[in-house]
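What follows draws every value from the coordinates through simple rules; no lab data is involved. Predicted, not measured: the structure shown is a model, and the values here were computed from it. Ideal geometry is used to build each Cβ from the backbone, glycine not excepted, and the neighbour counts take in all protein chains shown.
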Amino acid sequence: MTQHDRLLIIDFGSQVTQLIARRLRELNVYCEIHPYQNVTDAFLKDFAPKAIIFSGGPDSVTREGSPRPPQSAYELGVPILGICYGQQVMMQDLGGKVDAGQSHTAEFGRAYVTPKDDRLDLLSGWFLDGSGREQVWMSHGDHVSEIAPGFEVYATSPGAPFAITADLARRFYAVQFHPEVHHTPNGATLYENFVREAGFKGDWTMGAYREEAIAKIREQIGDKKVICALSGGVDSSVAAALIHEAVGDQLTCVFVDHGLLRLNEAEEVVGMFRDHMNLSVIHAQEQELFLGELEGVSDPETKRKIIGRLFIDVFQKYADRIEGAEFLAQGTLYPDVIESVSFSGGPSVTIKSHHNVGGLPEKMGLKLVEPLRELFKDEVRALGHELGLPASFIGRHPFPGPGLAIRCPGEITREKLDILRKADAVYIDQIRKHGLYDEIWQAFVAILPVRTVGVMGDGRTYDYACALRAVTSVDGMTADYYPFTHEFLGETATRIINEVKGINRCTYDITSKPPGTIEWE
Ligand code: XMP
């Protein structure tokens with residue numbers, strides 16, 4: 001199996017460390033993020049990075065005990081790029097000086113750097129638009145007041161006289177700003193220059209990944225059996241398709257139909273996997289069980305807990321029928337496995353209990369197969385494409401495990417679910433017709449637990465109100481509402497009210513996240 005060149009990102013707790021990894025993956029460079037606490041001498045030796053990046057971070061290097069890399073990182077003889085806090089760490093460690101925050105040198109937000117000496121390979125492609133400067137994104141209170149011996153200054157900004165510095169002999173580079181964020185428009189070029197200088201071949205492609213992942217899955221599973229909870233979402237679908245390609249009939253998928261799916265969803269998912277992809281899929285029809293236990297329940301957390309518990313019971317019931325299953329496949333992605341640096345130390349507040357099959361493997365004595373653990377969401381999509389999944393399937397909006405239950409605030413009834421399914425289908429149809437589906441992270445209808453008075457024809461109506469939701473987001477962690485035109489909203493409301501019996505009023509939810517969440521419950 002090919003051993004890819006590896007780049008190590010040492011995480012000092014920046015909010016945007018994942019973006020560094022994204023930029024590198026876009027350059028077909030294999031990289032991993034590890035929190036600084038885990039990066040020991042032994043770890044470095046074992047990881048054998050071809051280059052290292054120090055991320056930003058919220059601490060101050062002037063504070064005793066602040067996060068540092070091991071000294072041996074500087075002795076590996078590989079290029080290092082320090083970003084923001086990472087720059088300050090480098091300067092302090094290598095004999096320079098950092099001063100704690102003073103208002104006149106702090107910079108937050110947009111800034112412009114101008115070159116002092118642009119003959120640095122790292123800056124190739126910079127300062128070419130005639131303005132003689134580049135926009136960058138700064139976010140620092142502390143600043144470097146004296147660069148370390150061996151470093152030269154290559155660019156400055158009003159608040160950062162050492163905005164871009166380098167020690168060419170040791171191939172150490174340090175920048176005060178964040179080249180990974182969108183607001184440093186030419187930042188990707190800087191990463192490209194860095195990895196090229198470090199000698200990366202850019203061999204991390206989806207085609208290569210697919211071959212290697214298949215070989216790994218075969219090695220792990222041998223002639224044993226695997227089961228997979230197929231949700232119809234992109235992650236579990238791609239995981240199932242990949243494992244099927246690796247071990248064929250040794251894989252059985254269980255699709256749990258809890259009666260909380262969208263219009264025609266079960267048929268589409270089961271049809272695609274069973275008929276088109278020839279996977280063995282058990283369609284667990286458990287609508288009665290789920291809807292029965294949810295009857296009369298209106299508290300969101302109680303709903304989530306009931307669904308989570310039943311899901312595990314049902315999955316286990318069907319899995320027990322598959323004789324000799326030793327492995328459970330999961331579509332865990334890289335963002336789920338990155339251990340982030342926690343500075344607060346304390347447990348964070350539970351906003352919603354997400355339902356997944358987390359506790360299952362131990363309970364059932366199964367071993368995990370997680371072939372997507374190294375991938376980001378868009379890489380999973382690219383892999384799905386490689387594996388021949390239809391584009392319409394790969395590009396589907398995320399759908400939560402508890403399904404329509406959390407889009408039906410208050411009590412869930414079959415009547416409300418039917419109305420909701422129809423309204424949602426009209427809404428999505430509108431979005432697709434207007435060519436907006438791919439611009440939106442997620443769009444859905446929530447049926448509200450209120451009836452309102454309306455007039456249709458000459459008659460009075462007393463029907464449900466619904467809320468349309470559509471958000472843009474990169475990872476679901478934060479989100480903004482989608483700015484539909486009034487024409488679109490008006491047309492959609494009219495269609496829903498005309499075509500869906502049971503709804504006579506439509507509202508559009510314009511709450512961002514935070515303070516709202518994407519789902520209503
Ligand atoms: P919220 O509502 O917390 O949702 O802003 C963020 C993203 O997560 C999805 N979501 C879930 N996904 N199980 C899932 O698999 C869950 O229990 C769950 N709850 C919310 C939600 O659709 C959005 O994409």
If you take the charge dipole of the chain about its Cα centre, with +1 on Lys and Arg Cβ and -1 on Asp and Glu Cβ, which of LEU123, TYR437, VAL16 is farthest toward its positive end? TYR437
Non-local amide H neighbours of VAL297 (under 5 Å, H modeled in plane, Pro and chain starts lacking H): which ones? ILE412
Out of GLY150, THR302, LEU372 - ranked by how far each Cα lies towards the positive end of the dipole of the chain, with unit charges on the beta-carbon of charged residues - the top one is THR302
Neighbourhood charge, 13 Å Cβ-Cβ cut-off, centred on LEU128 and excluding it, Lys, Arg +1 and Asp, Glu -1: -2
Determine ³J(HN,Hα), in whole Hz, for all residues of the range 245-257 in sequence, where each value follows from phi through the Karplus function 6.51 cos²θ - 1.76 cosθ + 1.60 and θ = phi - 60°; x replaces Gly and Pro. 5, 7, 10, x, 5, 5, 9, 10, 9, 10, 9, 8, 9
With only Lys, Arg, Asp and Glu charged, each at its Cβ (+1 for the first two, -1 for the last two), find how big the charge dipole of the range 206-394 is about the Cα centre; round to the nearest 20 debye. 280
Going by how many other beta carbons lie within 10 Å of each one, how would you line up SER392, SER55, fewest first? SER392, SER55
Quick check: the distance between the Cα centres of the range 145-159 and the range 283-321, to the nearest angstrom? 60
Proximal aspartates and glutamates relative to LYS317, as straight alpha-carbon distance under 12 Å, when same-chain residues fewer than 8 apart are discounted: GLU286
Relative to the Cα centre, what is the charge dipole magnitude of the chain, using +1 at the beta carbon of each Lys and Arg, -1 at the beta carbon of each Asp and Glu, and rounding to the nearest 20 debye? 520
What whole number of Å gives the distance from the Cα centroid of the range 21-66 to the Cα centroid of the range 250-270? 40
Could you tell me the center-to-center distance, by alpha carbons, between the range 448-521 and the range 358-385 in angstrom? 34
For TYR112, TYR427, order by how many other beta-carbon atoms lie within 10 Å, fewest first: TYR112, TYR427
Which residues qualify? For ARG6, with a placed amide H closer than 5 Å and at least 5 residues away or on another chain, they are LYS50
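Given the rule -39500 (n - 2.57) for each run of at least 4 DSSP H residues, summed and divided by the residues of the chain, what is its mean residue ellipticity at 222 nm, to the nearest 500 deg cm²/dmol?
-9000 deg cm²/dmol
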If amide hydrogens are placed 1.01 Å from N in the peptide plane, which non-local residues have theirs closer than 5 Å to the one on LYS225? GLU326, PHE327
HN-Hα couplings for the range 458-464 via Karplus (6.51, -1.76, 1.60; θ = phi - 60°), in whole Hz with x for Gly/Pro, come out as 9, x, 8, 10, 9, 10, 6
Apply the Karplus curve 6.51 cos²θ - 1.76 cosθ + 1.60, θ = phi - 60°, to the phi angles in the range 502-519 and return the couplings in whole Hz, x for Gly and Pro. x, 10, 10, 8, 10, 10, 10, 7, 10, 8, 8, 10, x, x, x, 10, 5, 6
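Give me MET277, MET477 ranked fewest to most by other Cβ atoms within 10 Å of their Cβ, as a rough exposure proxy.
MET477, MET277
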